[in-house]
Amino acid sequence: MSAKPIIRIAALTGGQNTPSTRFRVRQHIEPLREQSLEVTEYIPRWGESCGLPSPFKMVSRLPGVVGCRQADLVWLSRDLVQGYATFERMVKRPRILDVDDAIWLSRPFGRWAQPWIAKGMDAVIAGNDYLAEYYSRFCRTIFVVPTAIDTRRFVPRPSQEDSAESAESFVIGWTGLSSNYRYLEMIEPALKHFLDDHAKARLMLISNRPWQPSLIPAERIGWHPWTPQQEAALLSEMTVGLMPLPDTAWTRGKCSFKMLQYMAAGLPVVVSPVGMNRQILEKGPVGLAAITRDEWYQALDTLCRNRSLRRTMGQTGRKITEQFYSVEVISRRLAEIFRFIASSADTTD
């Protein structure tokens, strides 16, 4: 059997540590190479996280726009400059837009920029059905591809439930950017009530900055600075993972990656049943949904009291991530998409 021809892909990503870059593009580069798809990543010198004005960010995109001329197809990770339409239609075709958030809501011009960008794409890869529905208005070829979780790196802690620590404490975990602490604040009264009633429980946060709650005493919270080297190990110290969200146009576009991280680590979850969170909950008993203050309290209390239920939910969540959301599964899906787009372009040349 002859080897598959190599397809050269130029990936225009958003920054060195941008989550969409790390999890939707970079972790697939090596698995795609094993399938004869060579990905060259173009990282802007000034990414979205820097405080420079947008014109500087536009200039930092030019090397990628020029470099992608040698590729067989171009993989754009979101818009090139958040909230603007810039060089997206100048890159070589075929071009594919990869989206994992409702970025048409980004300021200042996302509502006008995204339709213009999408109309210039040969395909859009959307992280969930909600995003796919929006982009289907502007692009005929849409693929739904969830954000993948590295199930070799995010793993359950061995004998977690049998350890002395787990018998003595109940660790409520949350991970994310400090800008999303506002979601924790939604459920802070329920968390305080639970911690007041359970002396051995504590809250564990993994983020770029500490949280400054208004109700919960600082001594009941353990903060750990986020690093890509430590995030997986820190998750395994949790007993349950939280993902509170309001039900808004922005949060419906989220790809539930936080929830999947917990599940890959063998943790039961308590989450808001919003957007993709609801779809994952429907795949099996991986955790509990909560909306009201009483529901958040009761969910945590139930899991705290029932170690067997925690174990069962954690094992189910792990199996679901391996079956539907692992890097291996998603990389194969991406390879199929890229080959289809490349062959379609060859046919129309």
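Among the numbered conditions (1) more than 19 Å from the chain's Cα centre (by Cα); (2) over 21 Å from SER256 (Cα atoms); (3) not charged (D, E, K, R), the only one that ILE187 does not meet is (2). Within segment 341-348, not a single residue is modelled with pLDDT of 95 or more and surrounded by fewer than 16 Cβ atoms within 10 Å (Cβ to Cβ).
Being part of a helix (DSSP H, G or I) and either acidic (Asp, Glu) or under 30 Å from LEU191 (Cβ atoms) (or both) is the filter here, so list the residues in segment 325-349 that pass it. Working first, answer last.
Here is the first cut: in segment 325-349, the residues part of a helix (DSSP H, G or I) are 325, 327-348.
Listed by number, the residues that qualify are TYR325, GLU328, GLU336, ASP346.
Counting only residues that are under 21 Å from THR18 (Cβ atoms), among the charged types (D, E, K, R) and open to solvent by 80 Å² or more (accessible area, probe 1.4 Å), segment 182-232 holds 2 of them.
Taking segment 174-194 as the region of interest, how many residues are assigned to a loop (DSSP other than H, G, I, E, B) and without any contact (Cβ under 8 Å) to a residue 12 or more places away in the chain? If you could, list the steps in order and put the result at the bottom.
Within segment 174-194, the subset assigned to a loop (DSSP other than H, G, I, E, B) is 176-177, 187.
Applying the additional criterion that residues be without any contact (Cβ under 8 Å) to a residue 12 or more places away in the chain yields none.
Residues meeting the conditions: 0.
Residues in segment 105-142 that are within 25 Å of GLU336 (Cβ to Cβ), basic (Lys, Arg) and out of contact with any helix residue (DSSP H, G or I) (no Cβ under 8 Å at 6 or more places or on another chain): LYS119, ARG140.
With SER49, SER20 as the choices, which residue is surrounded by fewer than 13 Cβ atoms within 10 Å (Cβ to Cβ), at pLDDT below 95 and within 25 Å of THR227 (Cα to Cα)? None of the other options fit; the residue is SER49. Take segment 19-44 and flag every residue that is touching a residue at least 40 places away in the same chain (Cβ under 8 Å) and either within 15 Å of the chain's Cα centre (by Cα) or assigned to a helix (DSSP H, G or I) (or both). Within segment 19-44, PRO19, SER20, THR21, ARG22, PHE23, ARG24, VAL25, GLN27, HIS28, PRO31, LEU32 qualify.
Looking at GLN160, is it modelled with pLDDT under 95 and open to solvent by less than 30 Å² (accessible area, probe 1.4 Å)? Criteria met by GLN160. Taking the criterion of being in a helix (DSSP H, G or I) and under 21 Å from LYS192 (Cβ atoms), the residues of segment 277-298 that qualify are ARG293, ASP294, GLU295, TRP296, TYR297, GLN298.
Only residues that are more than 22 Å from ARG93 (Cα to Cα), buried (at least 18 other Cβ atoms within 10 Å of the Cβ) and of a type outside the set (S, T, N, Q) were counted across segment 104-126, and they come to 2.
Could you pull out the residue among ALA299, ALA335, ALA289 that is buried (at least 20 other Cβ atoms within 10 Å of the Cβ) and among the small types (Gly, Ala, Ser)? If you could, list the steps in order and put the result at the bottom.
On the way: ALA335 fails: buried (at least 20 other Cβ atoms within 10 Å of the Cβ); ALA289 fails: buried (at least 20 other Cβ atoms within 10 Å of the Cβ).
Checking each option against the conditions leaves just ALA299.
Hey, does segment 299-310 have a residue that's closer than 20 Å to THR175 by Cβ, part of a helix (DSSP H, G or I) and either under 16 Å from the mean Cα position of the chain (by Cα) or of a type in the set (S, T, N, Q) (or both)? No, that holds for no residue.
Residues considered: ARG252, ARG318. Of these, the only one that is closer than 19 Å to ASP98 by Cβ and either modelled with pLDDT under 95 or out of contact with any strand residue (DSSP E or B) (no Cβ under 8 Å at 6 or more places or on another chain) (or both) is ARG252.
Let's see how each residue does on (1) in a helix (DSSP H, G or I); (2) more than 19 Å from the chain's Cα centre (by Cα); (3) of a type in the set (Lys, Arg):
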site: THR86; (1), (2), (3): no, yes, no
site: TRP104; (1), (2), (3): yes, no, no
site: ALA132; (1), (2), (3): yes, no, no
site: ARG137; (1), (2), (3): no, yes, yes
site: ARG140; (1), (2), (3): no, yes, yes
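Does ARG220 fit the bill of being among the charged types (D, E, K, R), touching a strand residue (DSSP E or B) at 6+ places or on another chain (Cβ under 6 Å) and at pLDDT 95 or above? Yes: the conditions hold for ARG220.
With respect to ALA102, is the statement that it is at pLDDT 95 or above and in contact with a Cys (Cβ under 7 Å, 6 or more places away or on another chain) true? Criteria not met by ALA102.
Of the residues that make up segment 53-75, is at least one at pLDDT below 95, surrounded by fewer than 16 Cβ atoms within 10 Å (Cβ to Cβ), part of a loop (DSSP other than H, G, I, E, B) and at negative phi? Yes, segment 53-75 has at least one match.
The values are calculated or read from the model by the stated rules, or taken from the named source; none is laboratory data. Everything quoted here is computed from the prediction, not taken from an experiment. Every residue, glycine as well, gets a Cβ built from its backbone with ideal geometry; the counts of neighbours run over all protein chains shown. In case anyone asks, the SASA skips ligands and DNA or RNA and just uses the protein heavy atoms, side chains included. Shrake-Rupley method; radii C 1.70, N 1.55, O 1.52, S 1.80 Å.
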